[in-house]
Amino acid sequence: MPVPNISQVVPGAAVSIILKADQPTGRQVQGVVQNVLTSGNHPRGIKVRLSDGRVGRVQKMHTGEMPPQEISAAPSSASRSTRPPRERYNRRSKFQSRDIRLDEDGEAPAEEIDLFAYMKPAKQKKKGGAKAQAPVEEDEPIVEAATTASCPVCGNFEGDETAVAHHVESHFA
């Protein structure tokens, strides 16, 4: 049986609708149309809001008076104000965020930490498989031992090891 078209569904008409939650079962509820929500014909039925606030798709029209037990009673204005407001599902609502800096119960940082607390000292590179030397502190002055060597060939020349090695080569060249 085809569903009613848009010209048949008007506010105040008695209808049977299927709620979204009842689509798998096909269970129908009756009521009086408050608003027509679909702008044109739809193959599964025109979407309407009943006078009690339920939304669904119209499956059939009721002509004349409906029995009182089938018509959904519209809530009075007193019960409407005591009912909590219905939250509308918003696709973006689960992605909304808030600024925690504006919360008053947030904890302040215990102490100020500067950037140097997060820096690591540079690693020393190894030279030729030798062990890396311990890093030299800037506060300690660098003092090299002044050792002198003499030429093992002639015995007349004295100097540091590099100079003596150069002098010894001159003996054999």
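Read-outs throughout are calculated quantities, based only on the coordinates presented, and are distinct from any laboratory measurement. Keep in mind the model is a prediction, meaning the values are calculated, not measured. All Cβ positions, glycine included, derive from the backbone under ideal geometry; neighbour counts span all protein chains shown.
For Gln59, what residues show an amide H to amide H distance below 5 Å, using hydrogens built from the backbone and excluding near sequence neighbours?
Ser16, Ile17, Ile18
Taking the Cβ-Cβ separation of Ala149 and Lys123 as r and a Förster radius of 35 Å, what is the calculated FRET efficiency to the nearest 0.05?
0.50
Note down the nm distance, to one decimal, between modelled labels 7 Å out along Cα→Cβ at Asn5 and at Ser170.
11.9
Which whole-Hz ³J(HN,Hα) couplings does region 114-123 yield from phi under the Karplus relation 6.51 cos²θ - 1.76 cosθ + 1.60, θ = phi - 60°, glycine and proline marked x?
8, 5, 5, 5, 9, 8, 9, x, 5, 7
Starting from the Cα of His62, step 7 Å along the direction of its Cβ; do the same at Glu111; then give the gap between the two resulting points in nm.
7.6
Where does each of Lys20, Lys120 land when they are ranked from fewest to most other beta-carbon atoms within 10 angstrom?
If I rank by nearby Cβ atoms, fewest first, I get Lys120, Lys20.
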